[in-house]
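Take a look at the structure set out below.
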Amino acid sequence: MSTSPTAPACRSCGGTLREFLDLGAQPMANAYVPPEQADEEAFSFRLAIGSCVDCAMVQLIDEVPHDRMFHDAYPYRSSGSTVMQSHFEQLASRFLAGELTGADPFLVELGSNDGIMLRKIAEAGVRHLGVEPCGDVAGAGEAGGIRVCSEFFEEKLAARIRAEDGPADVIFAANTFSHISFIDSVFRGIDELLAPEGVFVFEDPYFGDLVAKTSFDQIYDEHIFFFTVSSVRAMARRYGFELVDVERLPVHGGEIRCTLARPGTRPVSPAVTGLLAEEEAAGLTSPEVLAGFAAGVDRVCRELVTVLEEAKAQGLTVAGYGATAKSATLLNRCGIGPGLLPYVCDSTPAKQGRLTPGTGIPIRTPEAFRADPPDLALLLAWNHAEEIKRKESGFTAGGGRWIEYVPRVRIQGT
Ligand code: SAH
Ligand code: TYD
Ligand code: ZN
């Protein structure tokens, strides 16, 4: 662990960052490579993570400019998972029955992607606005009947929305707030846009789950922050808000949903104090726990490479399942290329026919996987394990076995 002289200040409090894990030179995780560019040298940056000595906010050390990661051809589509569709439908129903029952309510979502959450709000005829900077995916949302503004959310945009649409009762962000490094501007924007009694609700990967599952592949260019209840509460207070509720979520390998409100407008839920006490007891961001996490990363990588090398030596065929952003970190950190993993399948049209970033593994369709199933499949989209195993029951019925690496490396049946 070291405090790099070049390390930036904590993006939340300005304090000193102490690095605890360096995952090496990594590409942008969602930058799938067209085959004709396979030989071109790709952009890479040092993927390293640290925690703030003062407020314990866990965050990337270096970052990629946001408009380099999020652009019109951004390939990620939220609606590729039916489990995530029902997750967001349930949340929309909850908003519709609770926060959005006043006169002419208004909800703004940051990072609305293809409209996975806003569809239900739009169907209910409730005023809404999705803020989604990436053009193609914003267009997919609009085609689904939602209202979208294709820009990055920040202070000036928030002021414009407020002037045109009035105050928001709910500002919501799923898997987006942790992607934004310029939180000063975002918080000023939220302060501007949020109604006096409104709530800012966001859900993102929970650092407690990363530690519990050694799920270090959650660390990639887009994930700037890894929240804990303690660091979110401190951040909220610094920007004039209070963390009033927190909920653990099973999706995407374990997340927390945080609700922020203006101080004094809502009671603080016992869930906040409960989870704070758990984090404290576990020493979640203590140097010992962070060093243990880093050691776990080395172990997972070593064991996974051994499994793949042994499979190859035995003449077994292997494929990856899910060209996730996460898997860029895993594959690059482990040095796994087409030699050990000849292809990866993925249901996202914009990824098919391309190569995985940094490791050059061809991406095929799930139909190709089914037509000629391998002996072993490395479950890269491990956060969708249940959904994928259900969908691919024919793979195991035909004698195929899954290789998993979260929370530990194992081959099914061994
Ligand atoms: N909410 C969806 C999408 C998450 S992917 C889900 O949970 O599945 C993150 C999204 O945030 C991307 O679509 C990206 O374009 C968007 N995004 C990134 N920076 C943003 C910003 N400053 N304002 C609004 N959206 C942003
Ligand atoms: P996801 O884990 O949601 O996110 P990230 O890319 O941020 O790590 O990505 C899931 C990927 O897996 C996505 O590219 C779609 C793909 N996928 C399938 O191919 N089949 C499936 O049944 C599901 C659920 C996902
Ligand atoms: Zn800090």
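General remarks:
- Tail fraction, Cα-Cα pairs, region 292-411, threshold 23 Å, whole percent: 23
- Taking every C-alpha pair closer than 8 Å and separated by at least 6 residues, the mean separation divided by the residue count of region 78-264 gives a relative contact order of 17 percent.
- Residues whose amide H comes within less than 5 Å of that of ALA48, counting only those at least five positions distant or on another chain, are LEU23, ILE61, ASP62 (H built at 1.01 Å from N in the peptide plane).
- A dipole drawn for region 265-310 from +1 and -1 charges on Cβ atoms has a positive end, and of GLY274, SER286, LEU308 the residue lying farthest that way is GLY274.
- Formal net charge of residues neighbouring PHE182 (Cβ-Cβ distance under 13 Å; K, R +1; D, E -1): -2
- Candidates SER44, SER393, SER86, ranked by Gaussian network fluctuation over the chain, Cα under 10 Å, top entry: SER393
- Each Lys and Arg Cβ is given +1 and each Asp and Glu Cβ -1; about its Cα centre, region 341-404 then shows a dipole of about 120 debye.
- Comparing GLY315, GLY360, GLY254 in a Gaussian network model of the chain, where Cα atoms under 10 Å apart are tied by springs, the biggest mean-square fluctuation is seen for GLY315.
- Remark: relative contact order (the chain) = 15 percent; criterion is Cα-Cα distance under 8 angstrom and separation of 6 or more residues.
- Listed residue pairs exceeding 27 Å between alpha carbons, taken from LYS326/LYS389; LYS120/LYS213; LYS156/LYS351: LYS120/LYS213; LYS156/LYS351
- The residues neighbouring GLU242, those whose beta-carbon lies less than 9 Å from its own, together hold a net charge of +4 under the Lys/Arg +1, Asp/Glu -1 convention.
- Just the protein heavy atoms count here, and of the accessible area of the chain at 1.4 Å, carbon and sulfur take up 50 percent.
- Semi-axes of the equivalent ellipsoid for the chain, Cα gyration tensor, largest first, Å: 35, 25, 20
- Most simply put, the chain has about 50% antiparallel DSSP beta bridges, counting only bridges with both residues inside it.
- For region 78-264, the equivalent ellipsoid built from the Cα gyration tensor has semi-axes of 23, 20, 16 Å, listed from largest to smallest.
- Span per principal axis, largest first, for the Cα atoms of region 1-143 (Å): 53, 47, 25
- Dipole moment magnitude, nearest 20 debye, the chain about Cα centre, only Lys, Arg, Asp, Glu C-beta charged: 680
- Environment charge of CYS301, counting only residues whose C-beta is closer than 11 Å and scoring Lys/Arg +1, Asp/Glu -1: 0
- The separation of region 80-102 from region 242-259, counted between C-alpha centres, amounts to 15 Å.
- Gap separating the Cα centres of region 163-232 and region 265-304, nearest whole Å: 18
- DSSP-defined beta bridges in region 78-264 - what % are antiparallel, rounded to 5: 45
- Both radii are taken from the alpha-carbon atoms of region 136-192; with Rh as the Kirkwood radius, Rg/Rh is 0.97.
- Summarising the strand pairing of region 292-411, around 20 percent of its internal DSSP beta bridges are antiparallel.
The values are calculated or read from the model by the stated rules, or taken from the named source; none is laboratory data. Given the structure is predicted, the values throughout are model-derived calculations rather than measurements. In this analysis, Cβ positions are derived from the backbone assuming ideal geometry, glycine residues included, and neighbour counts consider all displayed protein chains. Surface areas here come from the heavy atoms of the whole protein model, side chains and all, with no ligands, DNA or RNA. Shrake-Rupley method; radii C 1.70, N 1.55, O 1.52, S 1.80 Å.
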